[in-house]
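For reference, the structure is listed below as structure tokens.
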Amino acid sequence: MENKDRRDWSEKDLKKHIVDQRKYLWRESTIERIASWLNLSSGMTAVDVGCGLGYLGWTFWRHYGRGSTYIGVDCSIKLLREAQETSPDWSGGGSAFFANGSSYNLPLPDECADWVMCQTLLMHLEFPVDAMNEMIRITKPGGVIMCMEPDNISASLGTSYSSIPSFSIREKLLHLKVLLIWAEGRKKLGRGDWGIGKKVPKMMADLGLMNIDALYNDSSRFTHPPYETDVQKYDIEKMRESIMEKNEDTKKLLWKEYKECFLAGGGSLSSFYRYKRFAETRSDQLEPLILEQLENKTYYGGIGGSHFFCIRGFKPEK
């Protein structure tokens, strides 16, 4: 079995996206709370499934790293090479290793890890339950499994506010309809469940994990003059970059994938092209205004919470 999300996350634009997305994803105070909630301690063996560049390893390192072993597993050899090269920068006092492998067939023995984790992995898999079973297999009895996964469907259904002219109710309903059809098609094509975050606790319970619990990501994004915080400055920089440094090849690829999922979800080709024209026209209209407001420091906006969850479950003792 393989991951049918066919994007190569080691490619320049996509790798930049996963790095940028994680910059201020979790508050440090939340990471500390999670570390205590997971009972992290020194001397652990930790496995990160779908590790990418090792983000979870270094994010939690100071809470468990002394005398510990971190093993990152990913299907991208390119990402693993970079992760291995940079790991000495953060893994002092312990060891960090990386292995190429599938989340459906982890290259590790049974019951070898105290803590097995993933972030934004299950949402991309055709068979997330099978991947979870593999995570359970390599976890020691009494060990903990942690999954950080979003419910992007609920996040997209939420409201926001901005200094940019808002969509009409009809336009908002059109966007939501297209999104829901696309998300259904994504599942049918085996590219993952865009709303999986809320479903992970039940998945863990069905597979026999115990003491299951979930925490909500308490980070909220609001941007307003005079843009004083590091997060706001960072968000403005990324907003400006996304408009001024568009990669047309990446844009074409994303629209192609969107069309495939929309059609698989039951949408018509004519509806897709109507929506595409609408979305591109609105972007052409609004992006110059956004840049102008950023330059004049009059832009403001807020999207609120992220609908991102951290779910844990413990493997029963024998």
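The values are calculated or read from the model by the stated rules, or taken from the named source; none is laboratory data. This structure is a prediction, so every number in the text was calculated from the model and none was measured. Virtual Cβ from ideal backbone geometry, glycine too; neighbours counted across all protein chains shown.
Some notes on this structure:
- Hey, S102 at pLDDT 95 or above, more than 27 Å from E317 (Cβ to Cβ), within 23 Å of the chain's Cα centre (by Cα) and hydroxyl-bearing (S, T, Y) or not: yes
- Lone unmet requirement of (1) surrounded by 12 or more Cβ atoms within 10 Å (Cβ to Cβ); (2) in the same structural domain as V116 (by TED's automatic domain parsing) for G208: (1)
- Listed by position, the helices (runs of 4 or more DSSP H) contained in the range 66-183 that have at least 3 residues being farther than 30 Å from I236 by Cβ are 77-86, 128-137.
- Taking the range 30-54 as the range and being farther than 18 Å from F98 by Cα and either part of a strand (DSSP E or B) or of a type in the set (K, R) (or both) as the test, only R33 passes.
Let's see how each residue does on (1) out of contact with any Leu (no Cβ under 9 Å at 6 or more places or on another chain); (2) closer than 21 Å to E287 by Cβ; (3) crowded, with 17+ Cβ neighbours inside 10 Å:
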site: S156; (1), (2), (3): no, yes, no
site: L173; (1), (2), (3): yes, no, no
site: G185; (1), (2), (3): no, no, yes
site: K188; (1), (2), (3): yes, no, no
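- Of the residues L263, L269, L253, L289, the single one that is within 30 Å of D130 (Cβ to Cβ) and surrounded by fewer than 17 Cβ atoms within 10 Å (Cβ to Cβ) is L253.
- Residue match in the range 36-52 (condition: farther than 18 Å from S91 by Cα, among the small types (G, A, S) and in the same structural domain as F98 (by TED's automatic domain parsing)): yes
- Residues satisfying the stated conditions in the range 239-250, i.e. surrounded by 14 or more Cβ atoms within 10 Å (Cβ to Cβ) and farther than 19 Å from A279 by Cβ: R240
- Pick from the range 158-171, criterion surrounded by fewer than 14 Cβ atoms within 10 Å (Cβ to Cβ) and more than 19 Å from E280 (Cα to Cα), ranking: modelled with the highest pLDDT: Y161
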